[in-house]
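The values are calculated or read from the model by the stated rules, or taken from the named source; none is laboratory data. This structure is a prediction, so every number in the text was calculated from the model and none was measured. Note that each Cβ is placed from the backbone with ideal geometry, even for glycine, and that neighbours are counted across all protein chains shown.
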Amino acid sequence: MNILVCNAGSTSLKFKLYDMPSEAVLAECRIERVGDGNGGLFSYKNEQKGIAVTEEQKVIPDYEAGIRAFLALLTSREQGVIGGHSDIYAVGYKTVLSKGHYGVHVIDDAVLAGMEDYLVVAPAHNTFYLQAIRTFQKIMPATPMVGVFETAYHQTMPKEAYLYSTPYEWYEKYGLRRYGYHGASHSYVADCLTKRLGYEYKAVSCHLGGSGSLTAIENGKSVDTSFGFSLQVGLPQMSRAGDIDPYFIFYLMKEEGFTIDQVEQDLQKRSGILGISGVSNDLRDVEKAAPQNERAQLAIDIYCREIVRYIGGYAAIMGGLDAIAFTGGIGENSATVRGKVLSHFGYLGLRLAGREASRGEVSTLTAEDSPLKVFVIPANEELGIARQVAAMRL
Ligand code: ADP
């Protein structure tokens, strides 16, 4: 069965077509800078025949044009891998949040309405998935669409992990609670850990990338996570604030004349690693600047300290820790961040093997006899989604 996985960003679209259950990738496509009049990257690869089509400056006016260009290649005689749209069993989306639908759902009007309802909580994500889904529905009306919501994996959290200490009716009436995100990534990490550690273990999965979150995993299941109702809490993000005191907002509005939009913009665009360092929202630039720039170093120190604080807290809540897993652009590539974080866990018996992570495969960084294991796991959210769609009865 062929499952197409769609990952939609503000100006980018990524696709992977899987054959399930073999998990073979048949084709993939990456479209960047959608809507840019000067053009953007369009790359397509037929993984079976090794045929690649790359255009560095293809003008893609909107999502629909991008999706149609991809589907034309996918079904073409020379570069394609399928005969027609009907060979796609379902399209799975890395959707983020829909009011009232927090798991894996066949997308219908109610799921779309829930995504509209929560536009204000996940504006940077829901907008683009709504566009992508509606475009696919128009082009392929007979194909089932499945939203694998980023909240799905965290549905196993106990109440004491997901409730905030606000008036109880805020939760009952308005649904204000911790939902958690990055579910496709954390569940893929949990699958990898289960393969290596068996079914009984306590671990923390650290998804550190353009946005970052940590999840406490007990026996494969999420028991706590650092994202909350929104993706604006927890770790400092690249340009978004992590945890802040909500009274910052009241103070700025009541005493300093900020509008709500100004505060929101500052928290989303001028905070996090960028806000502290004043250098960049790309950690590579900040790491490069750090030896000569106090604020850049401070940004890295704060980021790592927060990661340590969460891991330590989760270890205490779970009553032990067997493994720490790093994934995402930073988790996989930044030896600086990993090293700084791991330097705190000698007290749990951590013994590093002194080896580097190898690219593109799961690496174990700890010595054989270390009671606490450390893994670097290349993120594969798309496969996590394909697995969950394949497991559904459609
Ligand atoms: P996204 O979360 O947007 O999908 P990624 O998971 O690819 O993105 O992570 C992007 C982040 O990873 C960027 O902030 C980038 O600086 C960081 N990154 C990538 N490679 C490295 C590296 N070698 N060292 C430090 N940071 C890195």
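Values as computed for the structure displayed
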quantity	calculated
Residue check, GLY272 within 14 Å of the ligand (Cβ to nearest atom) and touching a Pro at 6+ places or on another chain (Cβ under 7 Å)	yes
The range 249-261, subset surrounded by fewer than 14 Cβ atoms within 10 Å (Cβ to Cβ) and either part of a helix (DSSP H, G or I) or among the small types (Gly, Ala, Ser) (or both), residue nearest to the ligand (Cβ to nearest atom)	ASP261
Filter result for LYS202 (in contact (Cβ under 8 Å) with a residue 40 or more places away in the chain, over 17 Å from GLY331 (Cα atoms) and away from the ligand (no atom under 14 Å from the Cβ))	yes
Residue list for the range 155-204, restricted to those being more than 23 Å from PHE375 (Cβ to Cβ), among the small types (Gly, Ala, Ser) and surrounded by fewer than 16 Cβ atoms within 10 Å (Cβ to Cβ)	SER165, GLY175
Inter-residue pairs, beta-carbon under 6 Å, first farther than 18 Å from LEU372 by Cβ and without any contact (Cβ under 8 Å) to a residue 40 or more places away in the chain and in the range 205-226, second within 14 Å of the ligand (Cβ to nearest atom) and assigned to a strand (DSSP E or B), 6+ apart	SER213/HIS207
Count of residues meeting criterion [touching a strand residue (DSSP E or B) at 6+ places or on another chain (Cβ under 7 Å), among the polar types (S, T, N, Q) and within 16 Å of the ligand (Cβ to nearest atom)] in the range 369-391	0
From the options SER334, SER370, SER343, residue that is among the polar types (S, T, N, Q) and without any contact (Cβ under 8 Å) to a residue 12 or more places away in the chain	SER343
Yes/no for ILE311 being within 16 Å of the ligand (Cβ to nearest atom), assigned to a helix (DSSP H, G or I), crowded, with 21+ Cβ neighbours inside 10 Å and within 21 Å of the chain's Cα centre (by Cα)	no
Residue in the range 269-279 that is at pLDDT below 95, of a type in the set (Lys, Arg) and assigned to a helix (DSSP H, G or I) present	yes
Where LEU97 falls short, out of the listed (1) out of contact with any His (no Cβ under 9 Å at 6 or more places or on another chain); (2) modelled with pLDDT under 95	(1)
Residue within the range 288-298 that is without any contact (Cβ under 8 Å) to a residue 12 or more places away in the chain, surrounded by fewer than 17 Cβ atoms within 10 Å (Cβ to Cβ) and within 14 Å of the ligand (Cβ to nearest atom) present	yes
Residue selected from the range 314-368 under the condition of a type in the set (Lys, Arg) and either more than 16 Å from the ligand (Cβ to nearest atom) or assigned to a helix (DSSP H, G or I) (or both), by the criterion surrounded by the most Cβ atoms within 10 Å (Cβ to Cβ)	ARG338
Selected residue [under 28 Å from ILE324 (Cα atoms), within 15 Å of the ligand (Cβ to nearest atom) and out of contact with any Gly (no Cβ under 6 Å at 6 or more places or on another chain)] from SER277, SER239, SER222	SER277
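For (1) aromatic (Phe, Trp, Tyr); (2) closer than 21 Å to MET1 by Cβ; (3) over 28 Å from the mean Cα position of the chain (by Cα); (4) modelled with pLDDT under 95, each residue gets a yes or a no:
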| position | (1), (2), (3), (4) |
| --- | --- |
| TYR44 | yes, no, no, no |
| GLN48 | no, yes, no, yes |
| GLU56 | no, no, no, yes |
| TYR63 | yes, no, no, yes |
| GLU78 | no, no, yes, yes |
